[in-house]
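Trainee: Before anything else, here's the structure in question.
The values are calculated or read from the model by the stated rules, or taken from the named source; none is laboratory data. Note that the coordinates shown come from a computational prediction; the quantities given were computed from them, not determined experimentally. Positions of Cβ are generated from backbone atoms using ideal geometry, with glycine treated the same way; all protein chains shown enter the neighbour counts.
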Amino acid sequence: MPDTQPTAADADQADQADERPRRRQARGERRIAQLLDAAATVFTTSGYTAASTNAIAREAGVSPGTLYQFFPNKEAIAIELGERLMHKMRDTYGEALDAVDPAAPMELVVTSAVDRFIAFNSEHPAFFALMHGPDVPGRMAEEHEALHASLVERIQALLSSLLPDGRHADIERTANVCLSVYKAGLELVLASEGAERDAYVAELKHVLVRYLEPLVGDCAEPAGPATAPLG
């Protein structure tokens, strides 16, 4: 029986067969992104507990049946959204908390870091709604604790570049205070708009600068018989 060589038509059919799954996958990814965007809006306005899959479907402009093709329940949606936002958050604080020039003014250091974090949370308010609400869904609570620990470590690394002679325990305490102050201020920032939000951001920076400046100044002075604690 003679060998049959593939024709151009056969090649075209094969390409079309390969293209169909790719198109279906692309449509599915777009639908998932659409549902996650809708969920972010609903979680931000209603909170996780009060949100429902019906509300998310309505916000996305699809039927509940379409939503259930991609997510079995509200918790699954929140977990997927939370994981994506935490990934973006890690990128943000990786850029914001790099080591800095010890000679850099404290106001510049604080402003650079705070502006990046505020920009992220302003762009993604669902992150705060999910991570700081009363009912953090699924395994997100553990992942958020891990994110918090990583964030403290990055703040410690930044502070170590500013306080090269500081004790580890003191720097760790200072990092925790800075993060706690930031979180408290962030809640006020996100609850405000326009000029009032800008005013809260300025106040937050002012508090952090006034807290850190004396510590860096004390550490920069020649060491005496004993080193005063940072906290």
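Trainee: Quick one: would you say residue 182 is aromatic (Phe, Trp, Tyr), modelled with pLDDT of 85 or more and assigned to a helix (DSSP H, G or I)? Give the derivation first.
Mentor: Values: aromatic (Phe, Trp, Tyr): yes; modelled with pLDDT of 85 or more: yes; assigned to a helix (DSSP H, G or I): yes.
Judged against the criteria, residue 182 is a match.
Trainee: From the list 29, 83, which residue is surrounded by 12 or more Cβ atoms within 10 Å (Cβ to Cβ) and either at pLDDT 85 or above or in a helix (DSSP H, G or I) (or both)? If you could, list the steps in order and put the result at the bottom.
Mentor: On the way: 29 fails: surrounded by 12 or more Cβ atoms within 10 Å (Cβ to Cβ).
Residue meeting the stated conditions: 83.
Trainee: Restricting to the stretch 162-186, name every residue that is closer than 14 Å to residue 207 by Cβ and not hydrophobic (A, V, I, L, M, F, W, C).
Mentor: Pass one, the stretch 162-186, residues closer than 14 Å to residue 207 by Cβ: 174, 177-186.
The answer is 174, 180, 182, 183, 185.
Trainee: Would you be able to tell me the number of residues in the stretch 151-163 that are among the small types (Gly, Ala, Ser) and modelled with pLDDT of 85 or more? Outline the logic, then answer.
Mentor: Here is the first cut: in the stretch 151-163, the residues among the small types (Gly, Ala, Ser) are 157, 160-161.
Still in the list and also modelled with pLDDT of 85 or more: 157, 160.
Of the residues in the stretch 151-163, 2 are among the small types (Gly, Ala, Ser) and modelled with pLDDT of 85 or more.
Trainee: Let me ask you something else. From 157, 202, 169, grab the single residue that is surrounded by 13 or more Cβ atoms within 10 Å (Cβ to Cβ), more than 22 Å from residue 126 (Cα to Cα) and of a type in the set (Gly, Ala, Ser). Write out each step before concluding.
Mentor: Working: 202 fails: surrounded by 13 or more Cβ atoms within 10 Å (Cβ to Cβ); 169 fails: surrounded by 13 or more Cβ atoms within 10 Å (Cβ to Cβ).
Matching residue, one of 157, 202, 169: 157.
Trainee: Could you figure out which of (1) crowded, with 20+ Cβ neighbours inside 10 Å; (2) free of Cβ contacts under 8 Å to residues at least 60 places away in the same chain isn't true of residue 40?
Mentor: Just one mismatch for residue 40, condition (2).
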